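Remarks on the structure that follows.
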Amino acid sequence: MAIDLNLLINAVVAGLLLGGFYAAVSVGITISFGMLDIANIAQPAFILMGSYAAYLINRSLHLDPILIGVVMTPVFYVLGMAVYRLYYHSFERHGDQSIQGLAFFFGLLFVGEVSLVLIFGVDYRFVEASYIGPSLKFGILDLPLRMLIPCVISLLAIGLLQFFLSHSFLGRAILAVSQDGPALQLMAANPTRIKQAAFGISIATSSLAGAFLIIIQPVEPSIGRDYIGRIFAICVLGGMTSLPGMIVASIILGVVESITATFYGPSWAPAVSFGFLLVALAWRPAGLMGR
Amino acid sequence: MRNSVFWLLAALSGVAFLAVTRALIANEYYYFAAYVVLQYIVLSTGWNILGGYTGYTNFGTGAFFALGAYASVVLHKTVSVPLPVMMLVGGIISGVIGLGTGYLTLRLRGVFFAIATLAMAIVMQTLIVNWDFVGGSRGVYIIRPASAPIAGSYIQYLYTLMLVLAVISVGIARTIERSRLGLGFAAIRDDEQAAEAGGVPTLRLKLISTTLSGALMGMAGAPLPYYVTYLDPDSSFSLAYAVNAVAMPVVGGMTSWIGPVVGSILLGTIQQLATVTISSALNLLIVGLLLIGFVIIAPNGIVGLVLSWRRRARAR
Amino acid sequence: MTGPALLEVRGLGKRFGGFVALDGIDLTINAGDRVGLIGPNGSGKSTLVNCLCGTLRNETGTVSFDGRPVNGLIAHHRTRLGLARSFQLPKPFRTLTLNDNIRVPLVYTVNARHGQHLSEAQMAVRCRELLDDVGLADKATRLPGDLTQVEMRKLELARAVATQPRLLFADEAMAGLSPSEVEEILAVLFRLNEQGITIVLIEHIMRAVMNFSTRLVVLVAGHKVADGDPQETIRNPEVERAYLGE
């Protein structure tokens, strides 16, 4: 089979851009699941809430969706801390996090999705911004701005987060939690407070990720599910706790999905990401970057 | 109660229930509604054999269920066999898939297993969406036979089959619970390493558990095409089945056969009522909230609450 | 009191990624022995037990039990051959009563052996005896959550003994217990040894190890550095260096 080279190059580049966006979507789960060992399968529901927040404010105040994503981040941070409190008091404190804890987040995912259906219905919603539509063209290359801008900002934001994790006291404390709980107590920090803040950050990232999502494609409540497999695959494949590993995994998944969609049709794309997840799980826990 | 006595009683009460309902209820709607509740008894009992007894959370109920349904579609379009045979075939197919997920337990536990089942469900859905013979993403229309092989309408026939399946499922669950197999399952649930050290062949038992669990779900799904008459991937693989299959045992209580039954009757009935009186989206919200509420407040479900009340009353 | 070799380990090695946890371990355990296995934290004691009991796979070396190679054999097969263990952190079946905790090995090990079959009634008697031996008979219908630390350790031992082992690895069966509780557990172990069970005691509490063992094996950083009479062994300069630091 002769593969059209132009098509292939464009598919790879689109995949790179998609990967940058996937990194924004997966950073939250890398913090909560990878670092804190909390399997928040409800993360996609929070991301969709981010999308709908961007939609509401964009429609009423005509603000830029990415700006909305940034502004709403503290709100999601507080929401995340509240969810952690509930989780901590109900499960983690008793040391019983297994089936019940998982069922809790599964319930949360479902309640989040159904609530959005009740409020917004099942129609696709989208936002308006000047960069949705136009593309940069370099010869045969076609770079849609609605992909390029989220990708660039996503990588910048993750860079900032990495800087925060390795240079601030709170950030280093979070990394200490992810490696070894007891060591943290030697630092005279309260692990529960640290984990609460870290979980808050993991949910806070869904504000911006949600805004990116609704810029890239129109959104309806049930599309969140497609992201469960993606984000866990990326987190596991990226080595659980490493942000650079997570970015590499995101880009690989983005490129593979993009090539599949280009050459075999988009209806096969979910099989790719979830097939990826199964492979990633089989490799666990070393991931790409290893530990 | 001796197990044989229980089976006898279960069969008798099943027949009695069937006779009473068929004699007293003429309105077709009630059979439609009762069918769904019975179907959930089978699904949640099947889920609980793996989730409650053996300790592995399956989020892919929808896939096992839908594969049973699609097996019937294939049979319907190729050979003409009676519905009970289709149920057996659906059970075998989903049982084989269950056996496959059983091998996943070699490497994956807890959260990782749960996520893998979710992933498996979506891969299966993708395969069905891309399979034109069974309708692909457009779905497929199935014409319900005009007459049933037994007295009464076709929906009454479906209802009768599902009632029989529900009685069998609950009987199997209870038999396991009281048997040495159930003891081994419980040991695996509590600590797999300690179970191995105690001589429990954990892999073989887990394979039995996943296969049986999957087979029951597949059998529950097999009559679905004739029930809905229009089958499409989105609704048959719906996450609602997975949530219900988790929520019903959690709400009822996961360590006993009666838990999923109580949970299914309660949540199933609430949803049927809510669908008629309010809206179908809202009834799903209720299920989600009840699931969250119960895992927080009463992690051992209604059965757990009753047991602890009884224990307290005895202590007084 | 040296009998024929019950367990033979030759050149056993285990690595985790790049980390060598065990290297070239040779070990012979004779029937009836009371062996103490000591070593600093992270020296590979528990890894060795895990490899010998089949919980982990060793990459190199051979293990034979009672003259029969058991390499690659899954844990529950080894249990059925007569190789039992207790866990460093007690791992009770927490949703099962003490009685059922004991029934698991009776059903799945004792009844799985050829030529043995206990009826339900015989099993009930055996459960009672086993719990009685460790002083837990009056708690037979309770859940493990109701037990104290020392009772949990005793349940752990009773469950291991229920498999009718010929060799028992007691992995830190006394960690965190008070001196009088240590004596209680030691008494149980002595009694088991008199009943003919060979015991390997992995322990940090030196007084208990010295009191119990007829032989002492010392692991340091994945290597066996000493093996012999306990009094002589702890005077071995290499052992002293490992324990007292450079």
* Those residues that are open to solvent by less than 10 Å² (accessible area, probe 1.4 Å) and not hydrophobic (A, V, I, L, M, F, W, C), I need them from region A:219-230; list them, please. => A:P221, A:G224, A:G229
* **Subset of region A:208-230 (residues that are within 12 Å of chain B (Cβ to nearest Cβ) and within 13 Å of the chain's Cα centre (by Cα))** => A:G224, A:R225, A:D226, A:Y227, A:I228, A:G229, A:R230
* Asked: Taking the stated definitions as given, is A:A282 part of a helix (DSSP H, G or I), closer than 22 Å to A:L102 by Cβ and modelled with pLDDT under 80?
  -> yes
* Asked: Looking at region A:5-21, is at least one residue within 14 Å of chain B (Cβ to nearest Cβ), within 24 Å of A:A233 (Cβ to Cβ) and either open to solvent by less than 60 Å² (accessible area, probe 1.4 Å) or touching a Pro at 6+ places or on another chain (Cβ under 8 Å) (or both)?
  -> no
* **Tally of residues being closer than 25 Å to C:Q149 by Cα and either in contact with a strand residue (DSSP E or B) (Cβ under 7 Å, 6 or more places away or on another chain) or within 7 Å of another protein chain (Cβ to nearest Cβ) (or both) across region C:80-100** => 12
* **region A:95-110, subset more than 14 Å from B:V250 (Cβ to Cβ) and touching a helix residue (DSSP H, G or I) at 6+ places or on another chain (Cβ under 9 Å), residue modelled with the highest pLDDT** => A:L109
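β-branched (V, I, T), within 26 Å of B:A195 (Cα to Cα) and in contact with a helix residue (DSSP H, G or I) (Cβ under 9 Å, 6 or more places away or on another chain), is that true of C:V49?
For C:V49, the condition - β-branched (V, I, T), within 26 Å of B:A195 (Cα to Cα) and in contact with a helix residue (DSSP H, G or I) (Cβ under 9 Å, 6 or more places away or on another chain) - is not met.
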* Residues C:R142, C:R153: which one is among the basic types (K, R), open to solvent by 70 Å² or more (accessible area, probe 1.4 Å), touching a residue at least 24 places away in the same chain (Cβ under 8 Å) and not in a strand (DSSP E or B)? -> C:R142
* Asked: So which helices (runs of 4 or more DSSP H) are wholly in region B:235-307 and hold at least 1 residues that are more than 17 Å from the chain's Cα centre (by Cα)?
  -> B:258-277, B:280-297
* Within region B:164-183, is there a residue that is in contact with an Asp or Glu (Cβ under 8 Å, 6 or more places away or on another chain), without any contact (Cβ under 8 Å) to a residue 60 or more places away in the chain, open to solvent by less than 40 Å² (accessible area, probe 1.4 Å) and part of a helix (DSSP H, G or I)? -> yes
* Candidates C:L186, C:L192 - the one that is at pLDDT 90 or above, more than 20 Å from C:L83 (Cβ to Cβ) and within 16 Å of the chain's Cα centre (by Cα) -> C:L186
* State yes or no: is A:A233 more than 14 Å from chain B (Cβ to nearest Cβ) and either touching a residue at least 24 places away in the same chain (Cβ under 8 Å) or open to solvent by 40 Å² or more (accessible area, probe 1.4 Å) (or both)? => no
* Please verify whether region C:17-24 includes one or more residues that are closer than 20 Å to C:F87 by Cβ and small (G, A, S). => yes
* Does at least one position in region A:264-273 carry a residue that is assigned to a helix (DSSP H, G or I), at pLDDT below 85 and more than 10 Å from chain B (Cβ to nearest Cβ)? -> yes
* Asked: Cβ-Cβ below 7 Å, separation at least six or inter-chain, first residue in region C:25-41 and closer than 13 Å to C:A226 by Cα, second in a loop (DSSP other than H, G, I, E, B) and small (G, A, S): which pairs?
  -> C:V35/C:S213; C:G36/C:S213
* To do: For region B:143-163, name all the residues that are of a type in the set (V, I, T) and either surrounded by fewer than 20 Cβ atoms within 10 Å (Cβ to Cβ) or touching a strand residue (DSSP E or B) at 6+ places or on another chain (Cβ under 6 Å) (or both).
  => B:I143, B:I150, B:I155
* Asked: Considering region C:208-232 alone, what residues qualify as being of a type in the set (S, T, N, Q) and buried (at least 21 other Cβ atoms within 10 Å of the Cβ)?
  -> C:S213
* Output the residues belonging to region B:184-234 that are outside any helix (DSSP H, G or I), open to solvent by 40 Å² or more (accessible area, probe 1.4 Å) and not aromatic (F, W, Y). => B:T229
* Is it true that some residue in region C:157-168 is within 11 Å of another protein chain (Cβ to nearest Cβ), open to solvent by less than 70 Å² (accessible area, probe 1.4 Å) and either part of a helix (DSSP H, G or I) or farther than 30 Å from C:A5 by Cα (or both)? -> yes
* Take region B:143-185 and flag every residue that is within 19 Å of B:F6 (Cβ to Cβ) and aliphatic (A, V, I, L, M). => B:L163, B:V164, B:L165, B:A166, B:V167, B:I168, B:V170, B:I172, B:A173, B:I176, B:L181, B:L183
* Quick one: how many residues across region A:112-152 are touching a residue at least 24 places away in the same chain (Cβ under 8 Å), of a type outside the set (F, W, Y), buried (at least 16 other Cβ atoms within 10 Å of the Cβ) and part of a helix (DSSP H, G or I)? -> 11
* Structure fact -> Selection from region C:7-46 of residues farther than 26 Å from C:A175 by Cβ and open to solvent by less than 10 Å² (accessible area, probe 1.4 Å) yields C:G13
* Asked: Before we move on, is A:L253 under 20 Å from B:I115 (Cβ atoms) and at the interface with chain B (Cβ under 10 Å from one of its Cβ atoms)?
  -> no
* Look through region B:242-282, keep the residues that are open to solvent by 10 Å² or more (accessible area, probe 1.4 Å) and under 17 Å from A:V111 (Cβ atoms), and return whichever of them is nearest to the other protein chains (Cβ to nearest Cβ). => B:A281
* Asked: Can you find even one residue in region A:120-142 that is over 28 Å from A:A14 (Cβ atoms) and either within 14 Å of chain B (Cβ to nearest Cβ) or touching a Leu at 6+ places or on another chain (Cβ under 7 Å) (or both)?
  -> yes
* Asked: Do we find a residue being surrounded by fewer than 19 Cβ atoms within 10 Å (Cβ to Cβ), of a type in the set (S, T, N, Q), over 18 Å from the mean Cα position of the chain (by Cα) and in a helix (DSSP H, G or I) anywhere in region C:119-127?
  -> yes
* Is it the case that some residue within region B:251-267 is out of contact with any helix residue (DSSP H, G or I) (no Cβ under 9 Å at 6 or more places or on another chain) and of a type outside the set (S, T, N, Q)? -> no
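The values are calculated or read from the model by the stated rules, or taken from the named source; none is laboratory data. The structure displayed is predicted, hence computed values, not measured ones. Please note: Cβ atoms are built from the backbone with ideal geometry, for glycine as well, and neighbour counts cover all protein chains shown. Ligands, DNA and RNA are excluded from the accessible area calculation, which covers all protein heavy atoms including side chains. Shrake-Rupley method; radii C 1.70, N 1.55, O 1.52, S 1.80 Å.
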